[in-house]
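Accompanying notes for the structure given below.
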Amino acid sequence: MSSWPLLSLVTFLPLVGAVFILAIRGEQAVVSRNARYVALWTSLITFALSLFIWFGFKPGTADFQFVEKADWIKSFGISYHMGVDGISMPFVLLSTLLTPLCVLASWKMEKRVKEYMIAFLVLETLMVGTFCALDFVAFYMFFEGVLIPMFLIIGVWGGPRRVYSAFKFFLFTLAGSVLMLLAILAIYFAGGTTDIPTLISQGHLDPQLQIWLWLAFFASFAVKIPMWPVHTWLPDAHVEAPTAGSVILAGVLLKMGGYGFLRFSLPMLPEATHFFAPLVFTLSVVAIIYTSLVALVQKDMKKLIAYSSVAHMGFVTVGIFTITQQGLAGAVFQMLSHGIVSAALFLVVGVVYDRLHTREIERYGGLANSMPRYSLVFMVFMLASVGLPGTSGFVGEFLVIVGAFQVNTWVALLTASGMVLGATYMLWLYRKTIFGALTKPDLKAMADLELREKLVFAPLIALAIFFGVYPKPLLDIMGPSVDHLIQNYQLALEAGHLPSLAMLLH
Amino acid sequence: MDVLIVFLPLVGAILAGLFGKLLGDRGSQVVTCSLLIAAAVLSVFVFFDVGLHGHARTTQLFTWFDSGTFELNWALRVDTLTAVMFCVVTIVSAVVHVYSVGYMAEDRSIPRFQSYLSLFTFFMLMLVSSDNLVQMFFGWEGVGLASYLLIGFWYEKPSACAAAIKAFLVNRVGDVGFALGIAGIFLLFGAVDYDTIFQAVPGQADTVLHVFGRDWHALTVLCLLLFLGAMGKSAQLGLHTWLPDAMEGPTPVSALIHAATMVTAGVFMVCRLSPIFEYAPDALTVVTIVGASTAFFAATVGLTQNDIKRVIAYSTCSQLGYMFFAAGVSAYGAAMFHLMTHAFFKALLFLGAGAVIHAMHHEQDMRKMGGLWRKIPVTYTLMWIGSLALCGFGIPGLDIGFAGFYSKDMIIEAAFAAHSGVGDYAYWLGVIAAFMTAFYSFRLLFMTFHGKTRADHHTFDHAHEAPKVMIWPLFVLATGAVLAGAVFYGLFVGEGQLAFWNGAVFSRSDVLEAAHHIPEWAKVLPMVMTLAGIGLAWLMYVRSPELAPKAAAAFRPLYLFSFRKWYFDELYDRIFVQPALYLGRGFWTTGDGAVIDGLGPDGVAAATRDIAQRASRLQSGYLYHYAFAMLIGVVVLVTWYIFSAL
């Protein structure tokens, strides 16, 4: 397989599917049906192809694998460079897994189906590209490109306040990105190349420059992940986005921020990372406690889960900036687990939303009586979100706490308090919707999960439990890359002189 | 065999849970009960093999975590401690499974109930057979989940849902401590499996750890963190508030989870980790104080409750306190001994109470009972056995008595023999609590079974003995409640204890030895207090029932303080629940809404409109205006670049 440009195939195959859909002509109903099937099959084949990456991936090395490199804009030394390591590879699979599930989950979408499916396929290309790109220019294009289909998905297929939310989403993210673009330019001028592996390995940048670059990157990634206090776009975007949009948003898009920290901030700007770690800890801990409390008083199911995402991402940023083996591995694991679990939770909300067209928690109650299967599915993901041992949610959360304890016990304590708060709002949500007496007449008539919905949930349940009981495959894959990251970081810190606050003010 | 014991209940849970419709009610009951009975029989074999023949072993299953040096496996470690717990858990669980067939006969989700019970048993067995702290945590949270599901089993009752959530959350507070404790253990030892830790403990006896802003004796702070977890699970003072509310669950659940097994997990944890706790004397002091205080506190509350199950719940809380202070004075064998005997007689009491409730058509208020002994004589007899065992009734001189007589007296004597300040504290509180235990146990017995009935005619006339499937299991427990003390005394705390435990718990023979040789008065005093308690209960509830309300009126503040459970619930509501909701609302509307969005996107949007209007006036159309603006931009950029290069 190594002779095949596997990564490019996986990246651009969805685009080919999108072109096919674009070409579909005919009656409205036929077009819609065909668009659905083309989208489903394209994304399924893409997923099948991406499995070859998983199987062909050699664990035990931190090198980039499946590397493809070709000249692109030669005069500037910009090349088309793709490759994955143990950190990015799982995210590629997460993206290719969630896309077909999204297509399946939006099977009953009737509005502009053709364009909708195209948007999702384009989105898939851009997501996969972001995680594979090893050149700054390509990375930036993918990374920013993601905004466009997402903006459209929220703005066109969203709820009543979709336009406000779409713009809020776009502006927040764009504001961060502009600064990142500046940073990329600065790195290009300082390092003479846009090739990411080269920059990582050659890399000693002047600590003072690092500070500014770090802040510029931070602006972009912190919005994306999102961190407190730039998180407010997320609840609005989620509430208005269609179910599948929320799934991708929570499942993959948030992870790009974390991935950015791991790929750029840590390896290229180690001194600045060291310098700013306390800031990140502070913001993360505030996020965990603050957003958990906010989640506790929400009346809208999606908003509650959106706020819980911010809290969970707080665990991720804590883990990343501990720069310990457990913290980093825990952060990556938490991102992957959250990609499965929160995506599934949005699908769970989508199921009842499709039937009753409201997300208001008060409107539900007693669903355990009429929808036992659904209640079981919801229960599994609720527990995974709470981080019950034996589910994937536990592994990441626990490793982060273990990592944090090695660095700062206060951070560990406050982070761990998220365990209690997280359980509070999730159990409360579950009780309000599933438990209680079934009194409302329209709820009594609600049908349990149908086959299509079971098909969507089955793989997610299997993964959430499998990786909770046996996380080894994932930990093995990311292990060497995480190890490598830490080694480089420590070498840089030993060699370089640490920036101080005085330098910053200078 | 070990693998079978642990996983048979899981098989039962999955079968009944996922294929309940296919199996039907009867099928689910047959599957889960027979698998559990099989597990119980195997456990007895394991007990003989491991406990008496000393064949301790560990079975490695497969890798769980593997991140850097943080490595651990799924494994089953079976030593004497585990074997004892295997027996207790599977026997009580099997009894409860069978009993539930009768108790839940009219329920409409029988497969679900049986499935949850089996699932609980699986998690509990994982907990007790763990060979590392993380697996213990897995079982620990797993039993918490099962407890949550079973307390909220009747999910249509709002009070049951609330109790279920409360149980989970209060336990989680303790679990934060547990999780941090594990993180700390890893930091200190670089491992989380027992063998590695226990070997390395002596080397870390004097290590200092900088935690939470100050330097601590490392082992002390770690033990305290872990003990926080134990306090939550075992409902010790401060984190006890969930246990009485947990009585919302069906009675078999209360017997299995909230009396015999799950709530003793905290005691088990301290015993399992006794090699670490032994090196943290200050932590042991805390354990003793907390245990003794809980024993006392819960007993005072038990005096005045009117709900038959709540009385037993507070009694459980109090007995757990006894076990903890036994561990606190290093008498781990005595703690485990009491854990085992308590499992039998407390499960007996709960299931007996269940039979009463069954007879009374789901009436739990003892004020509406009375005179039942004629109607349900078998249950009555069994409750007598349970109560006498709980009070530790026996004849000190002859050393003959019910199970509790051996184990509870052992604990109280060990506390006396510790000859330390906290030991005396525990001794005296333990003795006073023994008095109260006797009082509330017999108050329960007299209020329920004696005197003129206070139930309405209809209910009383229809009161009937429970079906055989509910009564027969009780005889198993009654046998244990009578004999377990006498039979196992030698092994758990007597001459054979060193060989029996075989290093599974830290055995300090001097502690138990000293406990056997304390002054005669100190040995007899608990028995005297017990008799006094029984006598007082008889006086107030049989001889002259008008005394009870008079006493309540005379000591009204004290009575209310006890009746309202020392106001813990009200206090916690004020301190934690309300502020959390208040803050949540504030952060949401003011923080996110007004400040962040107000200054951020919405504010910027408003400002942009404003600026755009002004800027439109700047669009003069003259080229030099634009050029000038660009020049300013260039200057700013260059300046910044020069400064940054410096």
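Residues considered: B:LEU444, B:LEU477. Of these, the only one that is part of a helix (DSSP H, G or I), under 18 Å from B:SER407 (Cβ atoms) and at pLDDT 85 or above is B:LEU477. B:HIS53 meets the conditions (1) within 12 Å of chain A (Cβ to nearest Cβ); (2) without any contact (Cβ under 8 Å) to a residue 40 or more places away in the chain in every case but one. The failed one is (1).
Yes or no, residue by residue, for (1) part of a strand (DSSP E or B); (2) in contact with a strand residue (DSSP E or B) (Cβ under 6 Å, 6 or more places away or on another chain); (3) of a type outside the set (A, V, I, L, M, F, W, C):
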site	(1), (2), (3)
B:LEU22	no, no, no
B:ALA39	no, no, no
B:THR59	yes, yes, yes
B:PHE62	yes, yes, no
B:GLU71	yes, no, yes
B:TRP74	yes, yes, no
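For the stretch A:199-213, residues that are surrounded by fewer than 23 Cβ atoms within 10 Å (Cβ to Cβ) and out of contact with any Gly (no Cβ under 8 Å at 6 or more places or on another chain) total 7. Scanning the stretch A:210-228 for residues that are in contact (Cβ under 8 Å) with a residue 40 or more places away in the chain, more than 16 Å from the chain's Cα centre (by Cα) and within 12 Å of chain B (Cβ to nearest Cβ) turns up A:GLN210, A:ILE211, A:LEU213, A:TRP228.
Please verify whether B:HIS217 is more than 10 Å from chain A (Cβ to nearest Cβ), more than 30 Å from B:HIS97 (Cβ to Cβ) and touching a strand residue (DSSP E or B) at 6+ places or on another chain (Cβ under 8 Å), treating the condition exactly as stated. It is true that B:HIS217 is more than 10 Å from chain A (Cβ to nearest Cβ), more than 30 Å from B:HIS97 (Cβ to Cβ) and touching a strand residue (DSSP E or B) at 6+ places or on another chain (Cβ under 8 Å). Criterion applied to B:SER420, B:SER441 was being within 23 Å of B:VAL542 (Cβ to Cβ) and assigned by the TED database to the domain that holds B:THR288, and the one residue passing it is B:SER441. Taken together, B:VAL84, B:VAL46, B:VAL41 contain a single residue that is in contact (Cβ under 8 Å) with a residue 60 or more places away in the chain, away from chain A (no Cβ under 14 Å) and under 26 Å from the mean Cα position of the chain (by Cα), which is B:VAL84. Would you check which residues across the stretch B:465-474 are in a helix (DSSP H, G or I), more than 24 Å from the chain's Cα centre (by Cα) and of a type in the set (A, V, I, L, M) and list them? Within the stretch B:465-474, B:VAL469, B:MET470, B:ILE471 qualify. The numbered conditions (1) small (Gly, Ala, Ser); (2) within 14 Å of chain A (Cβ to nearest Cβ); (3) crowded, with 20+ Cβ neighbours inside 10 Å are all true for B:SER234 except (2).
Here's a check for you: in the stretch A:430-448, which residue that is facing another protein chain (nearest Cβ under 9 Å) and not in a helix (DSSP H, G or I) is surrounded by the fewest Cβ atoms within 10 Å (Cβ to Cβ)? By that ranking, first place goes to A:ALA437. A search for C-beta distances below 9 Å between a residue of the stretch A:431-445 that is under 17 Å from A:LEU383 (Cβ atoms) and any residue that is part of a loop (DSSP other than H, G, I, E, B) and of a type in the set (Ser, Thr, Tyr), counting only pairs 6+ apart in sequence or on different chains, returns A:ARG431/B:TYR155; A:LYS432/A:TYR364; A:THR433/A:TYR364; A:ILE434/A:TYR364; A:ILE434/B:TYR155; A:PHE435/B:TYR155. Which residues, taken from the stretch B:460-491, are in contact with a Lys or Arg (Cβ under 8 Å, 6 or more places away or on another chain) and either free of Cβ contacts under 8 Å to residues at least 40 places away in the same chain or not hydrophobic (A, V, I, L, M, F, W, C) (or both)? If the condition is that a residue be in contact with a Lys or Arg (Cβ under 8 Å, 6 or more places away or on another chain) and either free of Cβ contacts under 8 Å to residues at least 40 places away in the same chain or not hydrophobic (A, V, I, L, M, F, W, C) (or both), then B:HIS464, B:GLU465 are the ones that fit. The set of residues in the stretch A:400-427 that are hydrophobic (A, V, I, L, M, F, W, C) and more than 7 Å from chain B (Cβ to nearest Cβ) comprises A:VAL400, A:ALA404, A:VAL407, A:VAL411, A:LEU414, A:LEU421, A:MET426.
Yes or no, residue by residue, for (1) within 18 Å of the chain's Cα centre (by Cα); (2) touching a residue at least 24 places away in the same chain (Cβ under 8 Å); (3) within 11 Å of chain B (Cβ to nearest Cβ):
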position: A:LEU293; (1), (2), (3): no, yes, yes
position: A:MET301; (1), (2), (3): no, yes, no
position: A:TYR307; (1), (2), (3): yes, yes, yes
position: A:ILE320; (1), (2), (3): yes, yes, no
position: A:ILE323; (1), (2), (3): no, yes, no
position: A:GLN326; (1), (2), (3): no, yes, yes
position: A:ALA329; (1), (2), (3): yes, yes, yes
position: A:VAL332; (1), (2), (3): yes, yes, yes
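Looking at A:GLY314, is it in a loop (DSSP other than H, G, I, E, B) and either in contact (Cβ under 8 Å) with a residue 12 or more places away in the chain or closer than 30 Å to A:ASP195 by Cβ (or both)? So A:GLY314 fails the test. For the stretch B:143-161, the candidate set comprises residues that are facing chain A (nearest Cβ under 8 Å) and at pLDDT below 90; within that set, the residue that is farthest from the chain's Cα centre (by Cα) is B:GLU156. Kindly check whether there is at least one residue in the stretch A:367-377 that is within 24 Å of the chain's Cα centre (by Cα), free of Cβ contacts under 8 Å to residues at least 24 places away in the same chain and in a helix (DSSP H, G or I). No: the stretch A:367-377 contains no residue that is within 24 Å of the chain's Cα centre (by Cα), free of Cβ contacts under 8 Å to residues at least 24 places away in the same chain and in a helix (DSSP H, G or I). Evaluation of B:LEU429 against the conditions (1) part of a helix (DSSP H, G or I); (2) among the aliphatic types (A, V, I, L, M); (3) surrounded by fewer than 16 Cβ atoms within 10 Å (Cβ to Cβ) shows that the sole unmet condition is (3). Cβ separations smaller than 8 Å between residues 6+ apart or across chains give the following pairs from the stretch A:242-271 residues that are farther than 15 Å from A:ASP85 by Cβ to residues that are in a helix (DSSP H, G or I) and of a type in the set (Lys, Arg): A:SER246/A:LYS302; A:LEU253/A:LYS224; A:LEU254/A:LYS224; A:MET256/A:LYS224; A:GLY257/A:LYS224. Looking at B:SER115, B:SER100, B:SER109, just one residue is out of contact with any strand residue (DSSP E or B) (no Cβ under 8 Å at 6 or more places or on another chain), over 18 Å from B:ALA343 (Cα atoms) and crowded, with 24+ Cβ neighbours inside 10 Å, and that residue is B:SER115. A single member of A:VAL402, A:VAL386 is touching a Phe, Trp or Tyr at 6+ places or on another chain (Cβ under 6 Å), at negative phi and of a type in the set (Val, Ile, Thr), and it is A:VAL402. Going residue by residue through the stretch A:486-498, is there one that turns out to be away from chain B (no Cβ under 12 Å) and modelled with pLDDT of 90 or more? The answer is no, given that none of the residues of the stretch A:486-498 is away from chain B (no Cβ under 12 Å) and modelled with pLDDT of 90 or more. In the set (1) without any contact (Cβ under 8 Å) to a residue 12 or more places away in the chain; (2) touching a helix residue (DSSP H, G or I) at 6+ places or on another chain (Cβ under 8 Å); (3) aliphatic (A, V, I, L, M), the condition left unmet by A:MET82 is number (1).
The values are calculated or read from the model by the stated rules, or taken from the named source; none is laboratory data. Computed from a predicted structure; not experimentally measured. All Cβ positions, glycine included, derive from the backbone under ideal geometry; neighbour counts span all protein chains shown.
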